[in-house]
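This report concerns only the one structure given below.
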Amino acid sequence: MPQDPHPPPHFPRQDLAAVLQRAPALSRFTASQLASLARRARRIALAAGETLFRQGEQSTSCYVLVSGQLKLYRSSPQGDEVIIDLPEPNAIFAESRAFLENPRYHVSCTALGDCELVAIDLAGFLAALRESPETCLLLLRQLSERAERRVEDIDRLALQSSTCRVAGYLLGLLPTGRDDYMLKVTKGVMASRLAIWAETLSRILKQLSDEGIVSFSGRNQVRVHSRERLRRLSAEPGGHTPQRASPAAKRA
């Protein structure tokens, strides 16, 4: 088993079991099961730009994001990058590796900002699952939902135009009952997540702004002026060949 490149930092003593319980995927564990899991867990701190693991490396742990922002992505041999997911705080990731023999990470993980995580030993995680059928069913449902989202991602990349993808992304972030929100990622990260060139994204955002559909203020403030027009754009048939993320998006 390779050594962990991220040894535990000097965090104040806290109840790891309580931290783990906040993760929806682990909420069905009993108090004693969480305590047992916490004994084989450790806290990790990542600085912005620091890599937690790389695609193809041996899997030793799954993780719960406590705070901060990170990206899960795949890279081509040429160095092009597509972001697969942007986990939210309290989300668990890399847990599917626990069910594989000789597991390896199928994505890379890098911090977009300073992050705090809890790493859970894979063997300990699998042992805990054997004692909690309810957690297994919950995890199976979440893995199934994630698989469906990946199919939807493939549909978007294969069948939708760049404008359609951008409109759908902006619409999906719109809070219920509100017309504005703050983008949590840079436009470079957004371009990589949508697998388009950064320059293409800038052109589409300018077009949406010029047409009075969406406006942008500061670096991250988004205001939607026409939810219906944005919805129509997000539903238009795709007519363009999908574009790979540009080097600018890759370096975001």
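Remarks
- Restricting attention to segment 77-87, the residues that are touching a residue at least 12 places away in the same chain (Cβ under 8 Å) and either out of contact with any strand residue (DSSP E or B) (no Cβ under 7 Å at 6 or more places or on another chain) or not assigned by TED's automatic domain parsing to the domain that holds PRO24 (or both) total 2.
- Only one entry in ALA249, ALA195, ALA167 is surrounded by 13 or more Cβ atoms within 10 Å (Cβ to Cβ), touching a Ser or Thr at 6+ places or on another chain (Cβ under 6 Å), modelled with pLDDT under 90 and of a type in the set (A, V, I, L, M), namely ALA249.
- Inter-residue pairs, beta-carbon under 6 Å, first polar (S, T, N, Q) and in segment 23-44, second modelled with pLDDT of 90 or more and assigned to a helix (DSSP H, G or I), 6+ apart: GLN33/ALA128
- Test: residue in segment 141-150 that is over 17 Å from the mean Cα position of the chain (by Cα) and surrounded by 16 or more Cβ atoms within 10 Å (Cβ to Cβ): no
- Selected residue [in a helix (DSSP H, G or I), touching a residue at least 40 places away in the same chain (Cβ under 8 Å), of a type in the set (A, V, I, L, M, F, W, C) and in contact with a Gly (Cβ under 9 Å, 6 or more places away or on another chain)] from ALA158, ALA167: ALA158
- Selection of segment 41-59 for residues being in a strand (DSSP E or B) and over 14 Å from SER108 (Cβ atoms) yields ALA41, ARG42, ARG43, ILE44, ALA45.
- Selection count, segment 143-193, where residues are closer than 27 Å to ALA111 by Cβ and hydroxyl-bearing (Ser, Thr, Tyr): 4
- Filtered residues of segment 106-152 (kept if touching a helix residue (DSSP H, G or I) at 6+ places or on another chain (Cβ under 7 Å), part of a loop (DSSP other than H, G, I, E, B) and closer than 25 Å to GLU57 by Cβ): LEU112
The values are calculated or read from the model by the stated rules, or taken from the named source; none is laboratory data. The shown structure was predicted, so the numbers you read here are calculated from the model rather than taken from an experiment. Positions of Cβ are backbone-derived with ideal geometry, glycine not excepted, and every protein chain shown enters the neighbour counts.
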